[in-house]
Amino acid sequence: MNTPAKLLPVNTWKIEQSLDLYQVEAWGKGYFSINDAGHVVVRPSMDAAREIDLYDVVQGLKARDLHTPVVIRFSDILAHRLRHLAEAFSTAISENDYKNRYAAVFPIKVNQQRLVVEEVYRYGAEFGFGLEVGSKPELLAVMSITENAPERIVVCNGFKDDSYIEAVILATKLGRTIIPVVENYEEIHLILKHAERYAVRPKIGVRVKLASEGAGRWRESAGEKSKFGLFISEILDLHALLKERNMLDCLQLVHCHPGSQLQDIRRVKDAINELAHVYAELKIMGAGLQYIDIGGGLGVDYDGSGTNFESSMNYTLNEYASDVVYRIKSVCDARDVPHPMIVSESGRAIAAHHSLLVFDTLGSSTLDQFKVTGRPEEDYHGHEEVPQPVRDLFDSFRSVNERRLVECYHDGLQAREQALQMFNLGYLSLEFRALAEKLYWATCTKIRDYCRKLDRVPEELENLEDMLSDIYFCNFSVFQSLPDSWAIDQLFPIMPIHRLLEVPTRRGTLQDITCDSDGVIDRFAGGRKGKPSLELHPVREDEPYILGIFLTGAYQEILGDLHNLFGDTNAVHVRLTEGGYEITDMVHGDTVTEVLNYVQFQGSDLLAKFRRKVAGAKDLSRDEANRFIADYVAGLEGYTYLEGEELPTP
């Protein structure tokens, strides 16, 4: 059972208890902690002496009229992740006496925001890291920021048409190290056509359909039924074609896709071993291979458990790098072929940690709010005879004690069902149904309070705590800002960013502000399948309650949609300074007009039609009409999310 924090006085709750409750050190990996004020702090370089108070950042943004929800990106974490990746492989290369180097290429599909891509590219310069694209638009975007570094690799994946390939060949002629990866056999003919047309000897890659299976949610994206890649027989045909054209030296890269968010290191080892043998065989057959691209798959420990769970990983970055280098070296040495340059596309591991979403709560709904005395003469003020199921509920409530918890729960459950049946048949009044409802939930609350004092809770009552959990209404859209939570049940670390010196006396689920029942987070890190509610604090009327969703830098901003026309949130980039922090970039979220334009409602047309409607209204005074139009204009220019101090409480 997921028991709540013990009901202790506020001043007895310690930082260590909050750290343990929300598993901050487990998933935070040194980037996040809690300070003496009870606020979440960010340590971009994992240095406790240099930290940023997240709650202070949010308050500072409000002073600049930038409201929650807001995405906060920590540029220094991005830089640190790149350095950490480079150092892990550098150590593995040194320890294994590997005779080549390593370079990551960042797949921009992971986070295509221009500021993020530019920062990754800038911070990766000292390590010779490059970029990966999967479409023609991504290629054109990347071409604009890589002009001054022709030696840094650009890997081109995805299905390619004629114009895509032509752009790649022209970039090659300009001196870029750009490698189109053949995903299906027909692409090699397009490459050869444009290579001949522009007199270019291109660097060509080929993706291998591995027999090795993937793991986790994306296990089907690897293996022989994977979407991309060539069978070995097709690769031999490609080899023969290039040999016939005297272009075997152009085949310079072999690539595989072992899966995404690989939580099991065994799957990584299997895939790398198979790819290394393909590399060695092709090298012996005369291919000019220089690179081995191991794809993505390096996981992120979202729940902090360090296990083989789908939202976790049972290995470390150093173990991953060591296994990759060792297995490639072992195969190459056994076949007496040169060690290739190792390339990886570990976008999730690079980007996830640097970004988080903070949002305010609008209020909460509770099921343990119902207060009764258990005496009919005090709880019922009518004159009709109390029906039997309602009398039974009174008895259940009064009978609750430590020895009869399960019995009273069963009695209350049965009496409630009987009351509902009577109501649906027309034999129970609305007043008695309301009384039955109050008695049932009050009985469950009383039983729960007894359970909190027990060392061992009866199995029948283990879900009572979660059944009575609150609903917290939150100012964000799951579909826009956390699509993987909705679509694939991905767990993300979620916690309050302040009040962490107070015992969290409530448990709750999070509902967003979309009018969709799927706009809810009801699974949180804890156990293999997660826990169904989160420890939270009571919402106060005089202070906003701010929550944070962490490790959202990979995919979440890009996959989000416009459900209910909630657009992109505000976003800021924060960087450490000697005296604290600075906001280097501030990106305002979508306005109402902008999201309406996305779906072909032109703001100017809407305003013109609205003005005509108001002008023709006979019951509006001139001042009322002007005010109405001004409010409409302000609405079109405003944030798509709720903002300001006049937030409605559900």
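The values are calculated or read from the model by the stated rules, or taken from the named source; none is laboratory data. Fair warning: this is a prediction, and the values are worked out from it, not measured in the lab. Methodologically, a virtual Cβ is constructed for each residue, glycine included, from the backbone with ideal geometry; neighbour enumeration extends over all protein chains shown. Ligands, DNA and RNA are excluded from the accessible area calculation, which covers all protein heavy atoms including side chains. Shrake-Rupley method; radii C 1.70, N 1.55, O 1.52, S 1.80 Å.
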(request) Please state which of the following conditions Y98 fails to meet, knowing it meets all the rest: (1) under 21 Å from N148 (Cβ atoms); (2) touching a strand residue (DSSP E or B) at 6+ places or on another chain (Cβ under 9 Å). (result) (1)
(message) Looking only at the range 152-185, how many residues end up being of a type outside the set (A, V, I, L, M, F, W, C), at pLDDT below 95 and not in a loop (DSSP other than H, G, I, E, B)?
(response) 7
(message) Return the pair list, or none, for Cβ contacts closer than 6 Å from residues in the range 380-401 that are without any contact (Cβ under 8 Å) to a residue 24 or more places away in the chain to residues that are not small (G, A, S), at least 6 apart or on different chains.
(response) S399/C408
(message) Quick check on my filter: what residues within the range 186-215 are open to solvent by less than 30 Å² (accessible area, probe 1.4 Å), closer than 18 Å to D249 by Cβ and part of a loop (DSSP other than H, G, I, E, B)?
(response) V200, P202
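From the set of residues in the range 457-481 that are of a type in the set (A, V, I, L, M, F, W, C) and in contact with a helix residue (DSSP H, G or I) (Cβ under 6 Å, 6 or more places away or on another chain), which is farthest from P69 (Cα to Cα)?
The selected residue is V457.
Filter the range 362-418 down to the residues that are assigned to a strand (DSSP E or B) and not small (G, A, S) and list them by number. Let's see the steps before the verdict.
To start, the set of residues in the range 362-418 that are assigned to a strand (DSSP E or B) comprises 362-365.
Across the range 362-418, the qualifying residue is only L362.
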(request) Would you point out which residue out of L139, L131 is assigned to a strand (DSSP E or B) and open to solvent by less than 40 Å² (accessible area, probe 1.4 Å)? (result) L131
(message) Given (1) open to solvent by 20 Å² or more (accessible area, probe 1.4 Å); (2) more than 25 Å from the chain's Cα centre (by Cα); (3) within 26 Å of V478 (Cα to Cα), identify the lone condition not met by R627.
(response) (3)
(message) Name the single residue that is modelled with the lowest pLDDT among those in the range 515-566 being among the aromatic types (F, W, Y) and under 20 Å from the mean Cα position of the chain (by Cα).
(response) F566
(message) Tell me the residue from T68, T146, T91 that is over 30 Å from K193 (Cβ atoms), in contact (Cβ under 8 Å) with a residue 24 or more places away in the chain, surrounded by fewer than 21 Cβ atoms within 10 Å (Cβ to Cβ) and of a type in the set (S, T, Y), please.
(response) T91
(request) Scan the range 528-548 for residues that are assigned to a strand (DSSP E or B) and farther than 27 Å from E462 by Cβ and jot them down. (result) R540, E543, I546, G548
(request) Sort out which residues of the range 299-327 are open to solvent by less than 10 Å² (accessible area, probe 1.4 Å), among the aliphatic types (A, V, I, L, M) and part of a helix (DSSP H, G or I), and write them in order of number. (result) A321, V324, V325
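Residues being touching a strand residue (DSSP E or B) at 6+ places or on another chain (Cβ under 8 Å) and open to solvent by 10 Å² or more (accessible area, probe 1.4 Å): count how many of those fall in the range 277-291.
Residues in the range 277-291 being touching a strand residue (DSSP E or B) at 6+ places or on another chain (Cβ under 8 Å) and open to solvent by 10 Å² or more (accessible area, probe 1.4 Å): 4 in total.
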(message) Cβ-Cβ under 7 Å, sequence separation 6+ or interchain: first residue in the range 26-41 and under 20 Å from T307 (Cα atoms), partner buried (at least 21 other Cβ atoms within 10 Å of the Cβ) and of a type in the set (F, W, Y). Which pairs?
(response) W27/Y302
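Condition check ((1) touching a residue at least 24 places away in the same chain (Cβ under 8 Å); (2) within 16 Å of F566 (Cβ to Cβ); (3) surrounded by 14 or more Cβ atoms within 10 Å (Cβ to Cβ); (4) among the β-branched types (V, I, T)) across all residues:
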| site | (1), (2), (3), (4) |
| --- | --- |
| G589 | yes, yes, yes, no |
| L596 | yes, yes, yes, no |
| V599 | yes, yes, no, yes |
| G603 | yes, no, yes, no |
| L606 | yes, no, yes, no |
| V614 | no, no, yes, yes |
| L620 | no, no, yes, no |
| V633 | yes, no, yes, yes |
(request) Grab the helices (runs of 4 or more DSSP H) fully contained in the range 447-527, keeping just those with 1 or more residues being open to solvent by 30 Å² or more (accessible area, probe 1.4 Å), within 25 Å of G306 (Cα to Cα) and β-branched (V, I, T). (result) 483-488
(request) Filter the range 559-580 down to the residues that are more than 18 Å from T68 (Cβ to Cβ) and in contact (Cβ under 8 Å) with a residue 12 or more places away in the chain, then identify the one that is most open to solvent (accessible area, probe 1.4 Å). (result) L559
(message) Would you confirm whether or not the range 237-251 contains a residue that is at pLDDT 95 or above, under 20 Å from G296 (Cβ atoms) and crowded, with 18+ Cβ neighbours inside 10 Å?
(response) no
